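The values are calculated or read from the model by the stated rules, or taken from the named source; none is laboratory data. Fair warning: this is a prediction, and the values are worked out from it, not measured in the lab. Methodologically, a virtual Cβ is constructed for each residue, glycine included, from the backbone with ideal geometry; neighbour enumeration extends over all protein chains shown.
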Amino acid sequence: MIFINYIYYSCILLLFHINYIWAYECLLCATKLFNYSITTDDLPTPTEDDCNIIRGNHGCHIHIDWLHDGTSEVHYQIGPALPDNKILSGIERQVIINTGKYSTRKLVSYSCTSTKTACNTIDRLKHAINSIAFPTNEQIEQFDTLIRPTKNFNASLCAQVSNTTHCPKLNLTDCQQCISIVQYSESTNTCRTCTNEEIQRNYFLYSTTFDIDSKNQSEEIRIGCRNGYMCSLLVDTERIKQILVTKFNFTTFNTSIATTTKSTNILFCIIICIQLLLK
């Protein structure tokens, strides 16, 4: 009986040990806020006091946001904010309806997994940013007329077109803004409807997800505006897709990551060798 208990508890401990070894290691740091539009050169590495190393079964995530008001934020997260080993880039152009003020927001998110060292680091985020080529401000501003504020809104001009089951049904009685969502991946999914929520802005959002492993990409375009049929024209989403295309250099990113990993491994070996010599 004692032997059986020994075997049982040994197996339990072994399972816990295996789970620990294979668990992902992530950084969980305090959100960094900057009152200006930060560049990669200015991105500071967080201190030990700002972060904890967390081990678990979920992937790691780091995100930078250049906000509409000219400030910037860097967020760390553990969990499925984005599928593992993906990079998401986003461009959002908006206009506040009451003031007519236009502004642009950009973002980059990076998700990863690692059982050795935390991968959601500032260095990895810099590599992701430096591998992305965003469209110019002039290209983005070409679509300001699409989202310009209007005094009158005719909800009947909002289209109801969908080939997906997740598209809200058109309600012309309470409609406040035409909505268009088009997703491009292996197939094209479209949802054109309207929202009955109170709105303060018109906008378009163009996001691209890059798969680091397969080197494939998918795109999504969202438009919320009050220009009636213009908000629902497929030609507008196609023009956004063509003109505002965001390019990602997989070679640059993978080379940078490989160089960083190699440097880390060399440093680790040097530390081990020094420790052995001192014994």
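Put simply, of Cys112, Cys178, Cys191, Cys167 the only residue that is under 17 Å from the mean Cα position of the chain (by Cα), hydrophobic (A, V, I, L, M, F, W, C) and either at pLDDT 90 or above or under 27 Å from Val95 (Cα atoms) (or both) is Cys112. Looking across region 40-65, the residues that are buried (at least 18 other Cβ atoms within 10 Å of the Cβ) and under 13 Å from the mean Cα position of the chain (by Cα) come down to Cys60, His61, Ile62, His63, Ile64.
Look at Ile243 and say whether it is surrounded by 18 or more Cβ atoms within 10 Å (Cβ to Cβ), of a type in the set (A, V, I, L, M, F, W, C) and on the phi < 0 side of the Ramachandran plot. No: the conditions fail for Ile243. For region 191-216, residues that are assigned by TED's automatic domain parsing to the domain that holds Pro149 and free of Cβ contacts under 8 Å to residues at least 40 places away in the same chain total 7. Scanning region 230-251 for residues that are charged (D, E, K, R) and part of a helix (DSSP H, G or I) yields Asp236, Glu238, Arg239, Lys241. Taken over region 158-168, the criterion of being surrounded by fewer than 17 Cβ atoms within 10 Å (Cβ to Cβ) and in contact (Cβ under 8 Å) with a residue 60 or more places away in the chain is satisfied by Val161 alone.
Among the residues of region 230-244, those that are in contact (Cβ under 8 Å) with a residue 40 or more places away in the chain and either not assigned by TED's automatic domain parsing to the domain that holds Phe153 or not basic (Lys, Arg) (or both) comprise Met230, Cys231, Ser232, Leu234, Asp236, Thr237, Ile240, Ile243, Leu244.
The set of residues in region 73-93 being farther than 23 Å from Asn52 by Cβ and touching a helix residue (DSSP H, G or I) at 6+ places or on another chain (Cβ under 9 Å) consists of Ile87, Ser89, Ile91, Arg93.
Can we say Ala118 is in contact (Cβ under 8 Å) with a residue 24 or more places away in the chain and closer than 28 Å to Asn189 by Cβ? Answer is no for this residue.
Region 59-145 holds strands (runs of 3 or more DSSP E) entirely within its bounds, and those carrying 3 or more residues that are of a type in the set (S, T, N, Q) map to 102-112.
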